[in-house]
Structures are given as structure tokens and as C-alpha cells.
Amino acid sequence: MSYILILFLVILAIFLRFVIGVELRSILTIYLLGLIVYLFSFTVAEMPPFGRPDNPAFNEVPARYLEAGPSETGAINIISSVITDYRAFDTLGEATVLFVAIAAAVATLKSHRY
Amino acid sequence: MTDILNILLLLFLIVCAVGVAHIRDLLSAVILFSAFGLIMAIIWQQLGAPDIAMVEAALGTGVAALLLIAAISKTKRAE
Amino acid sequence: MLEDQIVRITSRLVAPFIQVYGIYVILHGHLSPGGGFSGGAIFGASLVLIALSFNLEAGVKQISHQTASVLESGGALGFTVTGLIAIALGGNYLANRAAGFPLGEAGQFFSSGAIMVITVFVGIKVASTITTLFYNIIEKETPHGNSKQAD
């Protein structure tokens with residue numbers, strides 16, 4: 001099956017190049033893009049469906065957060081309790097990234113002042 | 001019904017992305033980019049992440065477009 | 001910047017509502033979707049909108065350069081100090097219940113201890129970061145190479 005497909009693609013390329021006169025570079029580009037599209041759609045087809053309870057992402061960690069989050073942190077917004085209590089150090093890193101970014105921008109834009 | 005809405009939104013997203021890359025006028029490109037961010041915010045909402053949708057609507061649609069407009073106002077408008 | 005009457009009047013009408021919404025999102029970060037980053041981005045967008053639709057002076061009248069810089073550093077500092085207070089109270093760094101912050105009743109406005117404090121600090125930081133970035137980009141330069149002092 002795949003040999004027939006490759007043979008067909010090669011014959012199509014020869015036909016496009018020598019009979020119609022398309023450049024070889026365009027043909028190769030289109031073939032490469034087609035290969036990428038094929039690989040991506042293969043990947044998407046292998047992914048688990050959205051929102052299914054038995055997905056691999058829904059293991060014991062989110063179950064623990066959902067059960068014990070409101071009583072342990074006092075916040076009924078589970079996302080907020082995760083990002084500012086359980087994973088608050090991550091949020092501190094995010095704030096640091098923001099701080100360094102704005103410091104770099106100000107240093108670049110204002111470097112001519114002094 | 002929701003699937004049709006999602007497919008339409010994704011199609012609009014692709015059209016906006018291709019338009020941003022192709023258009024010559026930079027201000028139009030910024031406005032198309034802002035439309036891209038707005039559609040992206042609706043898609044985040046459809047995926048069940050309303051807080052990310054709020055961040056995207058404020059940052060991706062508002063502030064990024066305003067910063068780009070400020071940059072255009074200090075340089076040339078045409079590419 | 002934009003010499004347009006429609007844009008000016010619309011942004012002047014809309015900006016207070018955007019600011020109130022941003023403060024609401026920050027303060028209700030532990031109760032409803034949103035939080036420090038979302039609310040700070042919304043609040044900063046309103047300030048940027050005023051500075052863009054009028055001119056830089058009108059935006060600086062709302063929040064000056066100095067204030068924005070101090071608020072930005074103060075937000076990051078407050079976040080860090082909140083974590084250090086948790087150490088002083090006997091927990092780990094950035095601990096909440098283990099350090100003995102008052103949790104309150106889940107679902108009430110004054111609840112969740114350190115989460116609310118951290119959310120407010122992050123919101124202040126994000127809003128002032130956006131404002132500082134926009135002011136620094138939009139400032140005009142004088143021929144001497146010095147930026148115009150806006151305040």
C-alpha cells in the first residue's frame with residue numbers, strides 16, 4: 001500500500017516537473033508540508049478525547065485537589081488554590097519572569113538617558 | 001451544535017492567522033491579530049478555561065494590540 | 001495620540017467600568033474564575049487605553065511613572081514577604097494553613113488566608129508592569145537624547 005503511494009507521488013512529481021513545468025522546489029515543499037500535515041493528524045487522532053473522566057491526565061493528583069482543596073486552603077476556586085497555595089512557588093517564578101522582562105525592556109529603552 | 005461553533009471558530013482562527021501574515025498594511029495586521037486573540041479567547045472559554053480566556057481577552061486582544069499600535073505610531077505604517 | 005473624538009469619548013465612558021471589573025476580578029480571585037494575572041491585565045489595559053486614546057499626560061495623571069515603578073517592585077516584594085511571614089509563623093515558605101493564616105469559611109469573601117493577599121499583590125504587580133511597559137514605549141525623545149520627563 002505504502003509502496004504504491006510512494007510510487008504514485010514520484011510519478012506525480014515527474015509529471016508536474018517535466019510535463020507541466022512546476023519548479024522542483026515547490027513540489028518538494030508541498031510534499032514536505034503534506035508529510036507534516038499527515039504526521040500532525042496522526043498525532044491528533046491518537047490523542048484522548050476531550051473531557052473524558054478516564055483520560056490519563058485525570059489521575060489521583062487532581063482528584064486530591066478537588067476533594068481536599070476547599071477544606072485545606074479555604075478557597076472554593078480550585079485553580080486559585082492550586083496556583084497560589086499548592087504551587088505558589090511556581091507563581092513566584094512567574095512573577096520573577098515578569099519582573100526581569102520589564103527590567104530588561106526598561107534597560108533597553110532607557111539606556112540612552114544616562 | 002457546539003461542534004459546529006467550534007469548527008467555525010477554528011476556521012476563523014486560521015483565516016485570521018493567514019491574514020496577519022499576508023496583509024501589507026501594518027495597522028490592519030494589528031487589528032486582525034486582535035481579532036485572532038478574541039477568537040482564541042472564545043475557544044479557551046469553549047475548552048472550559050474561563051480564567052485563561054480572561055487573560056487572553058485582556059492581554060492578547062487589548063494590551064498586545066495597543067503596544068503594537070504604539071510601536072506603529074513611532075515608526076512607519078506601511079511594511 | 002489618536003486625535004479622534006469618538007475614541008476619546010468612548011474610552012472615557014468605558015474606562016471606569018473596566019477598572020471596577022478588574023478590581024472585582026482581583027478581589028474575588030479565590031471565589032470565581034480569574035485571579036491576580038487576569039484582574040491585573042484588565043486593570044492595566046484600562047490605564048493603557050486612557051493613555052493611548054488621550055495622550056501620555058492624561059495617562060500619567062492617573063498613575064505616574066514613579067508610582068508605577070514603586071507599585072511594580074512593591075508587588076513582587078509583598079509576594080516574597082508574604083512567604084517570609086509564613087516562615088516566621090512556623091510553616092514552610094509560602095505556606096498557608098500550615099503557617100496559621102486565618103482561613104475563614106470557604107465561600108465567604110474574607111477567607112483563604114494568604115491566597116487573597118498573594119492574589120492582590122500579583123494583581124498590583126501585573127497592572128503596573130503593563131502600564132510601565134506602555135509608558136516606556138510611548139515616551140517621546142528629545143533631540144538631546146533625553147527622554148521627556150512626564151511628571
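Table for the structure above
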quantity: From the C-alpha gyration tensor of chain B, square roots of 5λ in Å; calculated: 26, 16, 5
quantity: Amide N proximity, segment A:70-99 versus A:Arg64 label position 7 Å along Cα-to-Cβ, cut-off under 20 Å; calculated: A:70-91
quantity: Karplus-derived 3J(HN,Hα), 6.51/-1.76/1.60, for each residue of segment C:15-26, Hz, glycine and proline x; calculated: 4, x, 5, 5, 5, 4, 5, x, 5, 4, 5, 5
quantity: Paramagnetic reach from A:Ser2 (point 7 Å along Cα→Cβ, amide N under 16 Å) across segment A:12-51; calculated: A:35-43
quantity: In order through segment C:117-124: 3J(HN,Hα) via Karplus (6.51 cos²θ - 1.76 cosθ + 1.60), integer Hz, x for Gly, Pro; calculated: 4, 5, 4, 5, 5, 5, x, 4
quantity: In nm, spacing of pseudo-spin labels at C:Gln62 and C:Ala98 (7 Å Cα→C-beta vector); calculated: 4.1
quantity: Förster radius 35 Å - calculated FRET efficiency between C:Val81 and C:Phe17, Cβ distance, rounded to 0.05; calculated: 0.60
quantity: Modelled FRET efficiency - R0 56 Å, B:Ala17 with C:Ala88, Cβ distances, 0.05 increments; calculated: 0.65
quantity: Positive-end residue of C:Ser53, C:Val120, B:Val55, charge dipole of the protein assembly as shown with Cβ unit charges; calculated: C:Ser53
quantity: Two-site label geometry, A:Ala105 and A:Leu12: point separation in nm, points 7 Å out along Cα→Cβ; calculated: 4.6
quantity: Alpha-carbon spread of chain A, three principal axes, descending order, Å; calculated: 72, 59, 16
quantity: Mean separation of Cα contacts under 8 Å (6+ apart) over length of chain C, as relative contact order %; calculated: 28
quantity: For chain C, alpha-carbon Rg over 2.2 N^0.38 Å; calculated: 1.24
quantity: Packing-based exposure ordering (other Cβ within 10 Å, fewest first) of C:Val122, C:Val7, B:Val55; calculated: C:Val7, B:Val55, C:Val122
quantity: Relative contact order (%) - criterion: Cα under 8 Å, at least six apart; region: chain A; calculated: 8
quantity: Charge dipole magnitude, Cβ of K and R +1, D and E -1 - chain C, Cα centre, debye nearest 20; calculated: 180
quantity: Relative contact order of chain B, pairs being alpha-carbon contacts under 8 Å that are 6 or more residues apart, as %; calculated: 32
quantity: Point-to-point label distance, B:Arg24-A:Leu24, nm (Cα→Cβ direction, 7 Å offset); calculated: 3.4
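Bear in mind these aren't lab numbers, they're just calculated from the coordinates by the rules spelled out. Quick caveat: nothing in here was measured; it's all calculated off a predicted structure. Reconstructed Cβ throughout: ideal geometry from the backbone, glycine too, with neighbour counts over all protein chains shown.
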